[in-house]
Amino acid sequence: MNNLSDRKIVIAIIFLVVGFIFLIRLFNVQVINDKYKFDSDQNVLREVIQYPARGLIYDRNGVLLVYNEAAYDLMVIPRQVKEMDTLAFCELIGMKYEDFITKFNKAKNYSRYKPSVFEKEISSKSYAKIQEKLFEYPGFYAQTRTLRKYPRESAAHILGYIGEVDQNLIDKNPYYRSGDYIGKSGIELSYEELLRGKRGVKRVLVDVHNREKGSYLDGEMDTMAVTGKTIYLTIDAILQEYGEQLMQNKRGSIVAIEPATGEILALVSAPAYNPNLLVGRDVKKNYPVLSSDKLKPLFNRALMASYPPGSTFKTVQALIGMQDGVITENTGFPCIKSNVGCHDHPTATNVESSIKMSCNPYYFSVYRKILLQNKSTSLFKDSEIGLAKWSKQVKKFGLGVDLGTDLPAIKKGFIPDVAFYDKWYGKGRWAFSTIYSLSIGQGEIGVVPLQMANLSAILANRGYYYTPHVLKRIEKVDTIPSIFKIKHDVGIDKIYFNPIVEGMQKVVEEAGGTARRAKIDSIQVCGKTGTAQNPHGEDHSIFIAFAPKVNPKIAIAVYVENAGFGGTWAAPIASLMMEKYLTGAIKDTVKENRILDANLMDVIPKEGQ
């Protein structure tokens with residue numbers, strides 16, 4: 001009896017131990033070790049990222065410039081992929097077999113359990129065909145996102161484009177994840193945080209055939225995507241498109257600004273490109289073509305091309321000379337061509353006529369007086385003192401400095417100073433006679449077209465400017481960044497602008513003026529031509545202007561590369577832009593057709609230009 005009882009106890013203990021082991025194992029599987037829970041969840045639950053639509057972009061008048069179009073990313077969870085007809089799958093989504101293997105291996109290396117993007121940005125039209133058969137391929141599913149679309153096919157250099165984030169950015173910014181997209185240039189980059197919105201997550205139940213069966217827990221654990229902010233730009237879409245038409249078959253740029261606010265009305269870089277070329281799956285095909293084009297359509301000349309200002313810079317020299325008291329508005333200088341070359345014209349007897357006739361020797365003399373003010377008995381030291389003061393004065397005009405605009409990648413240009421020439425020639429080894437080419441906007445001076453348009457706005461305002469910008473307003477926000485409301489005074493008394501403005505009007509309207517082609521019927525235009533020397537070929541044609549003379553509404557700068565004298569091409573282009581903006585129509589169709597029909601691409605610049 002005792003032996004039987006002992007056996008029962010032993011058997012009971014064995015059962016208890018085995019049961020306890022199973023309980024421990026079950027507890028481990030269900031509570032402690034979440035791998036099995038994770039595997040189970042992945043078989044019945046799917047986390048679908050809800051990508052927000054990026055904010056819409058409109059022009060100043062409410063014209064739509066950028067909107068979103070539905071697209072799809074094909075996702076894959078490698079562990080769920082079963083035996084399949086790979087060739088049929090490749091044919092379905094339009095992919096090479098070799099690419100399939102590469103992408104699938106990449107997904108497995110990332111994670112066998114987590115979803116990753118297998119094929120990006122499939123259009124709605126292509127996805128309609130794929131959707132019908134996708135359930136046949138477990139482990140693959142579609143995730144909705146959007147593509148940018150550009151209905152007017154213009155303003156590419158302003159709007160920019162978006163692209164996928166790289167690992168370096170993901171490491172720096174915890175918001176972004178693999179597969180996210182971000183603004184790469186233009187407004188898309190500058191206002192990325194406004195435009196991107198906020199992603200959400202949707203958890204859905206799926207069956208063994210990878211078909212969605214409904215929301216998990218009635219959506220209690222879902223988070224909604226928040227659409228990006230809609231923004232309105234200062235750009236006038238009609239004017240922008242017109243500028244791009246005028247610059248067809250030409251290299252250069254046009255920048256137009258509203259002087260009273262600093263709002264950029266148009267920013268044209270030519271050659272341009274259709275922004276729709278850099279959208280979705282076409283980017284891989286089109287970007288290498290655009291980037292290797294010798295005409296550099298991706299290069300934003302309005303912000304990044306540095307040129308000499310040429311004779312347009314004489315306006316700045318005259319203002320500094322009068323402010324310093326080394327000349328008055330009635331100072332005259334003879335046109336002595338032995339100092340510096342010039343065209344034939346009557347003697348400039350005052351500042352006004354010097355601007356009208358654009359006399360080079362006149363500004364040779366003005367600049368010599370600015371630099372050599374007898375502050376030292378040494379010619380070299382006197383030049384150094386004069387240049388140091390002059391350089392600071394010029395930079396107050398927004399030249400050679402960062403303008404602080406809201407468009408990315410703008411260059412500062414260059415205004416030489418004492419340190420530069422000391423390094424170049426050696427301290428005490430240069431003087432006015434070494435650097436006199438600066439007097440007429442040549443030599444080492446470099447400016448970008450946006451800075452020249454801003455100079456035109458300064459002249460229009462008679463002495464101040466607001467930071468040029470392209471953001472006009474944000475949806476449901478009452479104000480724009482305060483930096484765009486700051487009034488920047490250039491340090492020149494308003495009275496000294498009078499002879500400059502009068503001279504600029506005569507440049508356009510009087511016989512002997514250098515820009516008669518800029519004249520507009522019934523509108524007073526004030527302008528200044530320039531011709532920038534180009535060691536690689538024909539000189540560049542330059543014109544800055546504003547209109548009307550009283551209460552100006554538009555200030556503009558035009559650069560046409562390799563086009564020669566400023567009055568020949570840049571001036572009429574500027575006048576057409578101003579007339580279009582101020583009146584909405586063009587009266588002089590002969591002038592317009594001459595510009596539209598002109599092909600100035602014959603001179604191809606050498607490498608490095």
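The values are calculated or read from the model by the stated rules, or taken from the named source; none is laboratory data. Note that this is a predicted model, so its numbers are computed, not measured. Reconstructed Cβ throughout: ideal geometry from the backbone, glycine too, with neighbour counts over all protein chains shown.
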| Here are some residues: Ile520, Ile544, Ile495. Which one is under 18 Å from Gly566 (Cα atoms), surrounded by fewer than 24 Cβ atoms within 10 Å (Cβ to Cβ), at pLDDT 90 or above and in the same structural domain as Gly567 (by TED's automatic domain parsing)? | Ile520
| In this structure, does Ile130 turn out to be within 30 Å of the chain's Cα centre (by Cα), buried (at least 19 other Cβ atoms within 10 Å of the Cβ), over 30 Å from Val470 (Cα atoms) and of a type in the set (Val, Ile, Thr)? | no
| Unique match (being within 24 Å of Asp406 (Cβ to Cβ) and either of a type in the set (Lys, Arg) or not assigned by TED's automatic domain parsing to the domain that holds Leu277 (or both)) among Leu147, Leu134, Leu205, Leu159 | Leu159
| note | Within the stretch 403-425, restricting to residues that are in contact with a helix residue (DSSP H, G or I) (Cβ under 8 Å, 6 or more places away or on another chain) and aromatic (Phe, Trp, Tyr), the one that is surrounded by the most Cβ atoms within 10 Å (Cβ to Cβ) is Tyr421
| query | Which pairs have Cβ atoms under 6 Å, sit 6 or more apart or on different chains, and link a residue in the stretch 569-588 that is assigned by TED's automatic domain parsing to the domain that holds Met504 to one that is of a type in the set (Asp, Glu) and surrounded by fewer than 21 Cβ atoms within 10 Å (Cβ to Cβ)? | reply | Leu576/Glu592; Ile586/Glu592; Lys587/Asp521
| note | Residues in the stretch 446-467 that are part of a loop (DSSP other than H, G, I, E, B) and either within 25 Å of Arg301 (Cα to Cα) or without any contact (Cβ under 8 Å) to a residue 24 or more places away in the chain (or both) total 2
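Residue-wise test of (1) out of contact with any Asp or Glu (no Cβ under 8 Å at 6 or more places or on another chain); (2) acidic (Asp, Glu); (3) not assigned by TED's automatic domain parsing to the domain that holds Thr261.
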| site | (1), (2), (3) |
| --- | --- |
| Lys392 | yes, no, no |
| Asp406 | yes, yes, no |
| Lys412 | no, no, no |
| Arg429 | yes, no, no |
| Ser433 | yes, no, no |
| Looking at (1) farther than 19 Å from Pro259 by Cβ; (2) among the small types (Gly, Ala, Ser); (3) modelled with pLDDT of 95 or more, which is the one condition that is false for Gly537? | (3)
| query | Is it the case that Thr315 is of a type in the set (S, T, N, Q), more than 26 Å from Met452 (Cβ to Cβ) and at pLDDT 95 or above? | reply | no
| message | Can you report the number of residues in the stretch 96-106 which are touching a residue at least 12 places away in the same chain (Cβ under 8 Å) and under 34 Å from the mean Cα position of the chain (by Cα)? | response | 1
| request: With the condition kept exactly as written, say whether any residue in the stretch 281-289 is surrounded by 15 or more Cβ atoms within 10 Å (Cβ to Cβ), among the charged types (D, E, K, R), out of contact with any Phe, Trp or Tyr (no Cβ under 9 Å at 6 or more places or on another chain) and modelled with pLDDT under 95. | output: yes
| Quick check, is Val507 in contact (Cβ under 8 Å) with a residue 60 or more places away in the chain and closer than 19 Å to Asn599 by Cα? | no
| Of all the residues that make up the stretch 111-130, how many are in contact (Cβ under 8 Å) with a residue 60 or more places away in the chain and aromatic (Phe, Trp, Tyr)? | 1
| task | Of the conditions (1) surrounded by 15 or more Cβ atoms within 10 Å (Cβ to Cβ); (2) within 15 Å of Ser439 (Cα to Cα), Lys296 clears all except one; give me its number. | result | (2)
| When only residues in the stretch 193-208 that are assigned to a loop (DSSP other than H, G, I, E, B) and farther than 19 Å from Gly179 by Cβ count, which is modelled with the lowest pLDDT? | Val208
| request: Check whether at least one residue in the stretch 42-54 is surrounded by 14 or more Cβ atoms within 10 Å (Cβ to Cβ), at pLDDT below 70, part of a helix (DSSP H, G or I) and of a type outside the set (Gly, Ala, Ser), and report yes or no. | output: yes
| What about Ala460, is it in the same structural domain as Gly400 (by TED's automatic domain parsing), at pLDDT below 95 and more than 25 Å from Ile187 (Cα to Cα)? | no
| task | Could you tell me which of the residues Gly503, Gly443, Gly428, Gly491 is in a helix (DSSP H, G or I), in contact with a helix residue (DSSP H, G or I) (Cβ under 7 Å, 6 or more places away or on another chain) and of a type in the set (Gly, Ala, Ser)? | result | Gly503
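Within the stretch 60-94, which residues are without any contact (Cβ under 8 Å) to a residue 24 or more places away in the chain and surrounded by 12 or more Cβ atoms within 10 Å (Cβ to Cβ)?
Passing the criteria: Thr86, Cys90.
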| What are the residues in the stretch 291-329 that are touching a Pro at 6+ places or on another chain (Cβ under 8 Å), of a type in the set (Gly, Ala, Ser) and within 19 Å of Gly491 (Cβ to Cβ), if any? | Ala318
| Output for the stretch 498-518, where each listed residue is in contact with a Gly (Cβ under 9 Å, 6 or more places away or on another chain) and not small (Gly, Ala, Ser) | Met504, Gln505, Lys506, Val507, Val508, Thr514, Arg516, Arg517
| field | Residues located in the stretch 214-270, provided they are modelled with pLDDT of 95 or more, in a strand (DSSP E or B) and hydrophobic (A, V, I, L, M, F, W, C) | value | Ile231, Leu233, Ile254, Val255, Ala256, Ile257, Ile264, Leu265, Ala266, Leu267, Val268, Ala270
